[in-house]
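Novice: Below are the structure tokens for one structure; questions will follow.
The values are calculated or read from the model by the stated rules, or taken from the named source; none is laboratory data. All values derive from a computational prediction rather than experimental measurement. FYI the Cβ positions are ideal-geometry reconstructions off the backbone, even for glycines, and counts take in every protein chain you see. To get the accessible areas, we keep the full protein, side chains included, count just its heavy atoms, and leave off ligands, DNA and RNA. Shrake-Rupley method; radii C 1.70, N 1.55, O 1.52, S 1.80 Å.
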Amino acid sequence: MCGIVGYSGIRQAVPILIDSLKRLEYRGYDSAGIAVFNESNVEVYKDKGKIVDLEKTLPNIPGNVGIGHTRWATHGRPNKINAHPHTSGNISVVHNGIIENYQQLREKLIRSGYQFSSETDTEALAHLINNYYKNDLVDAVILALNDIKGSYAIAVLCGNELVAARKDSPLVIGIGENENFIASDIPAILKYTRKMIFLDDMEIAYVAPDKVSFFDTGKKPIEKTMKLIEWDLEAAEKSGYEHFMLKEIHEQPKALHETFAGRISELEGTIAFDGLNLKEEQVKDINRISIIACGTSYNAGLLGKYLFEQLAGIHVDVEIASEFRYSHSSPGSLVIGISQSGETADTLAALREAKTFGGRSLAITNIMGSTITRDADSCIYMRSGPEIGVAATKTFMSQLGVLYLLALYFGKGKGKISSDRMKRMLVSLRKVPAQITRILSNKELIKKYAGIYSSSSDIFFIGRTLNYPIALEGALKLKEISYIHAEGYAAGELKHGPLALITKNTPVIAIATKGLTYDKMVNNIKEVKAREAPVIAIADEKDSEIEKYVDAVIRVPATDDILSPMLSTVVVQLLSYYTAKARNCPIDQPRNLAKSVTVE
Ligand code: F6R
């Protein structure tokens with residue numbers, strides 16, 4: 001999730017590249033770089049830090065063609081060497097996405113005599129294109145892309161020639177007068193042109209000042225349609241969505257795809273983590289895990305508990321970080337700290353406390369180089385991309401993605417999961433991003449129900465077992481952005497007190513996907529219906545029974561029971577979002593809250 005820009009035209013390239021990169025910085029980045037053809041050769045400048053810092057170091061570089069990049073680290077730390085562009089001979093490359101087979105490519109290229117200086121996957125791509133280059137840049141890019149597994153948006157500079165290509169990562173070509181642009185995001189170049197051509201997957205663009213030619217991967221020319229973008233800059237930053245939260249809810253299929261990228265092999269039934277220094281055999285010795293986190297990350301951790309217990313047979317305690325510090329009880333032999341920001345003071349303090357008992361520690365975070373990555377013994381990155389809305393959405397989804405993979409990995413290490421079950425689970429997991437897309441396409445119905453109940457003063461979310469953490473997350477999301485009092489409850493617990501609060505004015509969102517406790521959940525629904533509460537059920541699309549007991553049903557695609565919490569999550573997020581919108585709340589910046597909580 002980085003930013004790409006490119007320019008070929010009659011003006012000086014550097015000021016345009018720098019200005020365009022600055023327009024991508026609102027998403028938060030850690031290093032930047034440019035490559036410019038200076039009329040005889042290509043000059044590359046890059047560094048860690050902000051674009052203004054890079055700008056200060058730049059000499060006057062004449063030249064009308066160039067590429068630029070702002071990096072948000074996924075492979076390798078944020079530093080100067082890992083910053084893009086990456087070069088090989090006359091080839092310079094900027095890249096967004098993840099090359100899943102870069103390790104194999106790297107080894108092959110080293111055998112052919114290439115030397116690597118960075119820890120990135122992108123450097124392999126630069127060498128690969130150089131390896132194939134025989135005076136035709138489009139040919140070389142096509143041949144290199146044929147060898148690549150993974151996702152990419154790239155811009156490649158060779159002399160004064162500029163080529164762009166994409167797969168599963170956005171890229172747009174801006175059309176000007178005697179100048180053309182490349183950008184990963186519209187806001188980067190909106191100041192220069194409103195005429196845009198969107199590249200589709202497996203398409204290549206050759207960008208010259210007076211013409212852009214498009215090809216498929218067989219080098220067959222393609223006709224593309226130009227679109228006129230009417231958004232203002234603010235709308236463009238949100239890709240046309242009204243709020244970052246809604247944009248980020250829609251980015252979940254991609255976020256999850258990136259979380260899984262390069263880590264899953266369905267064919268072999270294996271999972272591999274880059275940052276985890278715990279081999280499958282070592283997992284055998286772990287009999288108790290403690291998960292430490294706050295807020296939404298705590299809710300993810302609670303689902304993690306069910307997953308580790310069901311899939312790996314390992315007992316898990318989930319601790320609210322601000323409480324754990326004072327509990328004086330010894331944690332499990334593995335402590336997992338979950339924090340999207342990696343800077344939450346309560347989680348950091350609790351993790352440090354837990355480490356004093358010995359044992360291993362593992363961080364799950366979205367931010368490379370954050371404090372938690374330095375405190376923990378090992379680290380798994382969520383790869384959600386930058387999240388701007390204060391309410392966590394896509395980072396929650398990626399946390400769940402990592403926890404599913406981790407629980408399966410432990411299940412295999414413990415001998416609790418057969419190879420067949422593992423393969424089936426991985427195939428089902430891979431389908432989840434597309435299933436989320438289907439739920440998103442049904443959002444009008446969710447919006448309608450949110451509108452009906454948006455004037456309520458209390459709303460309950462209920463679920464059992466795996467759906468209980470999602471009930472907690474639904475209630476947390478709703479209260480933080482809509483300011484409605486909301487409770488997340490284990491449905492079986494209602495009768496032990498909270499049922500006293502249920503009336504015809506207390507809507508209940510019942511997460512009732514199929515699974516072990518479905519029949520019991522139906523009983524709990526009957527209990528609240530008997531108190532006249534309006535009930536909306538979140539249920540499988542194949543469940544024809546549920547509508548007999550509830551006022552409304554929101555359907556999610558049928559999947560392996562254990563995976564359905566990821567799908568129900570999207571529904572509770574959208575319900576919360578549209579409720580807050582109906583109440584005119586400042587959704588991206590709810591009162592009294594901050595994105596990263598660095599005080600205890
Ligand atoms: C809710 C939310 C917070 C965070 C919590 C922990 O939408 O975002 O509850 O989940 O402050 O933050 P991290 O994950 O950064 O440790």
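Novice: When you go through (1) under 27 Å from Leu157 (Cα atoms); (2) in contact (Cβ under 8 Å) with a residue 24 or more places away in the chain; (3) surrounded by 17 or more Cβ atoms within 10 Å (Cβ to Cβ) one by one for Gly174, which number turns out not to apply?
Specialist: Among (1) under 27 Å from Leu157 (Cα atoms); (2) in contact (Cβ under 8 Å) with a residue 24 or more places away in the chain; (3) surrounded by 17 or more Cβ atoms within 10 Å (Cβ to Cβ), the lone unmet condition for Gly174 is (2).
Novice: Something else about it: So in region 78-126, with the set limited to residues that are touching a Lys or Arg at 6+ places or on another chain (Cβ under 6 Å) and aliphatic (A, V, I, L, M), which one is surrounded by the most Cβ atoms within 10 Å (Cβ to Cβ)?
Specialist: In this case the residue turns out to be Ala124.
Novice: Among the residues of region 351-369, which ones are under 15 Å from Ala321 (Cα atoms), surrounded by fewer than 19 Cβ atoms within 10 Å (Cβ to Cβ) and in contact with an Asp or Glu (Cβ under 9 Å, 6 or more places away or on another chain)?
Specialist: Arg352, Lys355
Novice: From (1) part of a helix (DSSP H, G or I); (2) within 28 Å of the chain's Cα centre (by Cα), pick out the condition that doesn't hold for Trp231.
Specialist: In the conditions (1) part of a helix (DSSP H, G or I); (2) within 28 Å of the chain's Cα centre (by Cα), Trp231 misses (1) alone.
Novice: For the subset of region 284-293 comprising residues that are more than 13 Å from the ligand (Cβ to nearest atom) and not in a helix (DSSP H, G or I), which member is surrounded by the fewest Cβ atoms within 10 Å (Cβ to Cβ)?
Specialist: Residue satisfying both the conditions and the ranking: Asn287.
Novice: Taking the condition β-branched (Val, Ile, Thr), open to solvent by 10 Å² or more (accessible area, probe 1.4 Å) and either over 24 Å from the mean Cα position of the chain (by Cα) or over 20 Å from Leu17 (Cα atoms) (or both), does Ile61 pass?
Specialist: Answer is no for this residue.
Novice: On to the next question. Scan region 234-265 residue by residue and report those that are in contact with a Pro (Cβ under 6 Å, 6 or more places away or on another chain) and closer than 13 Å to Leu190 by Cβ. Spell out the reasoning first.
Specialist: Step one: of region 234-265, the residues in contact with a Pro (Cβ under 6 Å, 6 or more places away or on another chain) are 236-237, 253, 256-257.
The answer is Ala236, Glu237.
Novice: Continuing with the same structure: For residues that are without any contact (Cβ under 8 Å) to a residue 60 or more places away in the chain and more than 17 Å from Val535 (Cβ to Cβ), scanning just region 456-492, find the one that is farthest from the ligand (Cβ to nearest atom).
Specialist: Here the answer is Ser457.
Novice: Looking only at region 436-454, which residues are open to solvent by 70 Å² or more (accessible area, probe 1.4 Å) and closer than 13 Å to Tyr578 by Cβ?
Specialist: Glu444, Lys447, Lys448, Ile452
Novice: Do any residues in region 388-414 that are basic (Lys, Arg) have Cβ atoms under 9 Å from those of residues that are open to solvent by 10 Å² or more (accessible area, probe 1.4 Å) and within 12 Å of the ligand (Cβ to nearest atom), where the two are at least six apart or on different chains, and which pairs are they?
Specialist: Hits for this filter: Lys394/Glu387.
Novice: Also, quick follow-up: Give region 345-369 a look and list any residue that's in contact with a strand residue (DSSP E or B) (Cβ under 8 Å, 6 or more places away or on another chain), in a loop (DSSP other than H, G, I, E, B) and within 13 Å of the ligand (Cβ to nearest atom), or say none.
Specialist: Asn366
Novice: Output the residues belonging to region 319-344 that are within 15 Å of the ligand (Cβ to nearest atom) and among the small types (Gly, Ala, Ser).
Specialist: The answer is Ala321, Ser322, Gly337, Ser339, Ser341, Gly342.
Novice: Could I ask something else about it? Take residues that are touching a Gly at 6+ places or on another chain (Cβ under 8 Å) and tell me which of the strands (runs of 3 or more DSSP E) falling wholly in region 145-194 contain 3 or more.
Specialist: Counting at least 3 such residues, we get 152-158, 161-167, 179-183.
Novice: Conditions first: (1) open to solvent by less than 20 Å² (accessible area, probe 1.4 Å); (2) part of a loop (DSSP other than H, G, I, E, B); (3) in contact (Cβ under 8 Å) with a residue 40 or more places away in the chain. Asp543 passes all but one, so which condition is the exception?
Specialist: Going through (1) open to solvent by less than 20 Å² (accessible area, probe 1.4 Å); (2) part of a loop (DSSP other than H, G, I, E, B); (3) in contact (Cβ under 8 Å) with a residue 40 or more places away in the chain one by one, Asp543 breaks only (3).
Novice: Shifting gears a bit: Can you tell me which residue among Ile249, Ile271 is buried (at least 21 other Cβ atoms within 10 Å of the Cβ) and within 27 Å of Arg464 (Cα to Cα)?
Specialist: Only one candidate passes the filter, namely Ile249.
Novice: Is it the case that Leu494 is open to solvent by less than 10 Å² (accessible area, probe 1.4 Å) and over 33 Å from the mean Cα position of the chain (by Cα)?
Specialist: Yes, satisfied.
Novice: Moving to a separate point now. Residues of region 563-600 being open to solvent by 10 Å² or more (accessible area, probe 1.4 Å), away from the ligand (no atom under 15 Å from the Cβ), of a type in the set (Gly, Ala, Ser) and under 25 Å from Lys254 (Cα atoms), which ones?
Specialist: Answer for region 563-600, where residues must be open to solvent by 10 Å² or more (accessible area, probe 1.4 Å), away from the ligand (no atom under 15 Å from the Cβ), of a type in the set (Gly, Ala, Ser) and under 25 Å from Lys254 (Cα atoms): there is none.
Novice: Right, something else. Go through region 389-402 and report how many residues are more than 8 Å from the ligand (Cβ to nearest atom), hydrophobic (A, V, I, L, M, F, W, C) and closer than 22 Å to Gln589 by Cα.
Specialist: The qualifying residues number 1.
Novice: Working carefully through the options Thr225, Thr217, find the one that is touching a residue at least 24 places away in the same chain (Cβ under 8 Å) and touching a Leu at 6+ places or on another chain (Cβ under 7 Å).
Specialist: That would be Thr217, the only listed residue that is touching a residue at least 24 places away in the same chain (Cβ under 8 Å) and touching a Leu at 6+ places or on another chain (Cβ under 7 Å).
Novice: Suppose we filter Ala500, Ala486, Ala533 for residues that are over 25 Å from the mean Cα position of the chain (by Cα), part of a helix (DSSP H, G or I) and either crowded, with 17+ Cβ neighbours inside 10 Å or among the small types (Gly, Ala, Ser) (or both); which single one remains?
Specialist: After ruling out the rest, the residue left standing is Ala500.
Novice: Here is a further query. Looking at region 49-95, which of the residues that are touching a Ser or Thr at 6+ places or on another chain (Cβ under 6 Å) and small (Gly, Ala, Ser) is nearest to Val36 (Cα to Cα)?
Specialist: My answer is Ala83.
Novice: Taking into account only those residues within region 457-483 that are open to solvent by 20 Å² or more (accessible area, probe 1.4 Å) and more than 22 Å from the chain's Cα centre (by Cα), which is farthest from Asn524 (Cα to Cα)?
Specialist: In this case the residue turns out to be Tyr483.
Novice: Which residues, counting only those in region 294-318, are small (Gly, Ala, Ser) and either within 13 Å of the ligand (Cβ to nearest atom) or open to solvent by 20 Å² or more (accessible area, probe 1.4 Å) (or both)?
Specialist: Those that are small (Gly, Ala, Ser) and either within 13 Å of the ligand (Cβ to nearest atom) or open to solvent by 20 Å² or more (accessible area, probe 1.4 Å) (or both): Gly295, Ser297, Ala300, Gly301, Gly313.
Novice: Quick one: in region 547-560, of everything that is touching a strand residue (DSSP E or B) at 6+ places or on another chain (Cβ under 9 Å) and within 26 Å of Leu403 (Cα to Cα), which residue is most open to solvent (accessible area, probe 1.4 Å)?
Specialist: Arg555
Novice: State all residues of region 53-96 that are among the hydroxyl-bearing types (Ser, Thr, Tyr) and modelled with pLDDT of 90 or more; if no residue qualifies, say none.
Specialist: Matches in region 53-96: Thr57, Thr70, Thr87, Ser88, Ser92.
Novice: Residues Leu426, Leu406: which one is outside the structural domain of Arg71 (by TED's automatic domain parsing), of a type in the set (A, V, I, L, M) and surrounded by 24 or more Cβ atoms within 10 Å (Cβ to Cβ)?
Specialist: Within the list Leu426, Leu406, the selection yields Leu406.
Novice: Another question, then. So, in region 374-388, of the ones that are more than 18 Å from Ile289 (Cβ to Cβ) and open to solvent by 30 Å² or more (accessible area, probe 1.4 Å), which residue ends up nearest to the ligand (Cβ to nearest atom)?
Specialist: Ile388
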